[in-house]
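*Asks:* What follows is a structure written as structure tokens; I'll ask about it next.
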Amino acid sequence: MILVTGATGNIGSSLLKELRAFGAVPIKALTRDAAGAAFPAGVDAVEGDLADISSLTAALDGVRSMFLVPRLGPDAEIIDRARRAGVEHMVLVSSITVETHPHLGPAADNAAVEKLLEASGMDWTILRPTQFASNALMWASTIQAGQPVQVPYADTGLPTIHPADIASVVRVALTEPGHRGQRYALTGPAPVSARQQVGTIAGLLNRDIEFAEVAREDARASMIAVFGEDAADAVLDVTGGDVNDALLRVRDTVPRVTGSAARTFAQWAEENVDAFR
Ligand SMILES: NC(=O)c1ccc[n+]([C@@H]2O[C@H](COP(=O)([O-])OP(=O)(O)OC[C@H]3O[C@@H](n4cnc5c(N)ncnc54)[C@H](OP(=O)(O)O)[C@@H]3O)[C@@H](O)[C@H]2O)c1
């Protein structure tokens, strides 16, 4: 039995489709709202809250392999509870910043969860993706409203990854041999800047989108309200303020693990263009 956490999210929703398409059964999908979730046929919805360990008993019952989205609850307890419930292999989504920007707070938090899992006694696979293509959804309401998209570091190109590629790697790690004890840095196939992303979306919408680069301090002021100071500074650093070669480099991990080329940002945008209309 496989348990997918974050099952309604960017990675989890693709992962459920992949697991079903490849015939992996049985599958349980964790959500805080089972009645509101629309999972593929053959997937059992289980209600639970990672922030409330006592709510996870039914979800973990009979599970032997698990995909964990961390930092949604007390990870030490979640990992311990999973091991005691009989989970043998856990695939964890971490972040590439664990290796490229270990000094930043969010990277240190992910590194701490990695260490908990490595010391848990379960088999593990750790995925360290770069910036997701789906982060472009933060511009959706601005673009819908016909307002200018304003971003700092407009021309810094990161090898943005399609979340479905992360899901493909999770699926392979969960269902095929040879991936236990591995740490995989994951990127898309090519660098793509914010300006290029908005240009791609504009092309698909067949209309102009006004675009402006803003100073870090201006972007920071609005981001602090949403993320808090530490996380806002970390996001600004890794999206352009303090990038390094390790963060900018395209990795071949997705094609190596899955046997398929990594999906482009343009492909993600084509699949999700309706979110910007
Ligand atoms: N975005 C990036 O650029 C980036 C880069 C590197 C790493 N990451 C990492 O990727 C992960 C996010 O993955 P994602 O984008 O697939 O996630 P996501 O789309 O943000 O979805 C997370 C899911 O978690 C569930 N959730 C939230 N709180 C919960 C709770 N208390 N208990 C149980 N479930 C809860 C929600 O499902 P329900 O509402 O159905 O419960 C939601 O669908 C994070 O760990 C992040 O650090 C992101």
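The values are calculated or read from the model by the stated rules, or taken from the named source; none is laboratory data. From a predicted model like this one, the values you see are computed outputs, not experimental measurements. We place every Cβ from the backbone using ideal geometry, glycine too, and count neighbours over all the protein chains shown. Please note that ligands, DNA and RNA were not included when accessible areas were found on the heavy atoms of the full protein model with its side chains. Shrake-Rupley method; radii C 1.70, N 1.55, O 1.52, S 1.80 Å.
*Asks:* Search region 26-42 for residues that are under 12 Å from residue 5 (Cα atoms) and pair each with any residue that is open to solvent by 60 Å² or more (accessible area, probe 1.4 Å) and more than 11 Å from the ligand (Cβ to nearest atom) when their beta-carbon atoms are under 6 Å apart and the residues are at least 6 apart or on different chains.
*Replies:* Filtered contacts from region 26-42: 28/44.
*Asks:* Go through (1) touching a residue at least 12 places away in the same chain (Cβ under 8 Å); (2) out of contact with any Ser or Thr (no Cβ under 7 Å at 6 or more places or on another chain); (3) surrounded by 15 or more Cβ atoms within 10 Å (Cβ to Cβ) one by one and return the number of the condition residue 121 breaks.
*Replies:* Of the numbered conditions (1) touching a residue at least 12 places away in the same chain (Cβ under 8 Å); (2) out of contact with any Ser or Thr (no Cβ under 7 Å at 6 or more places or on another chain); (3) surrounded by 15 or more Cβ atoms within 10 Å (Cβ to Cβ), the odd one out for residue 121 is (3).
*Asks:* Looking at region 96-132, which of the residues that are in a helix (DSSP H, G or I) and of a type in the set (Ser, Thr, Tyr) is farthest from the ligand (Cβ to nearest atom)?
*Replies:* Among residues in region 96-132 that are in a helix (DSSP H, G or I) and of a type in the set (Ser, Thr, Tyr), the one farthest from the ligand (Cβ to nearest atom) is 100.
*Asks:* Can you name the residue in region 131-146 that is open to solvent by 10 Å² or more (accessible area, probe 1.4 Å) and in contact with a Ser or Thr (Cβ under 9 Å, 6 or more places away or on another chain) and is also farthest from residue 181 (Cα to Cα) among such residues?
*Replies:* 135
*Asks:* Next question, about the same structure. The conditions are (1) open to solvent by 40 Å² or more (accessible area, probe 1.4 Å); (2) within 9 Å of the ligand (Cβ to nearest atom); (3) of a type in the set (Gly, Ala, Ser); (4) touching a strand residue (DSSP E or B) at 6+ places or on another chain (Cβ under 6 Å), and residue 45 fails exactly one of them. Which is it?
*Replies:* For residue 45, the failing item is (2).
*Asks:* May I pose another question? Please go through region 9-23 and pick out each residue that is more than 18 Å from residue 136 (Cα to Cα) and either more than 10 Å from the ligand (Cβ to nearest atom) or part of a loop (DSSP other than H, G, I, E, B) (or both).
*Replies:* 16, 17, 18, 19, 20, 21, 22, 23
Quick grid of which residues meet (1) away from the ligand (no atom under 16 Å from the Cβ); (2) within 26 Å of residue 115 (Cα to Cα); (3) β-branched (Val, Ile, Thr):
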{"residue": "134", "(1), (2), (3)": "no, no, no"}
{"residue": "142", "(1), (2), (3)": "yes, no, yes"}
{"residue": "147", "(1), (2), (3)": "yes, no, no"}
{"residue": "155", "(1), (2), (3)": "yes, no, no"}
{"residue": "158", "(1), (2), (3)": "no, no, no"}
{"residue": "163", "(1), (2), (3)": "no, yes, no"}
{"residue": "166", "(1), (2), (3)": "no, yes, yes"}
{"residue": "172", "(1), (2), (3)": "yes, yes, yes"}
{"residue": "178", "(1), (2), (3)": "yes, yes, no"}
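*Asks:* Does region 63-79 hold any residues that are of a type in the set (A, V, I, L, M), within 10 Å of the ligand (Cβ to nearest atom), in a loop (DSSP other than H, G, I, E, B) and touching a strand residue (DSSP E or B) at 6+ places or on another chain (Cβ under 9 Å), and which are they?
*Replies:* Across region 63-79, the qualifying residue is only 69.
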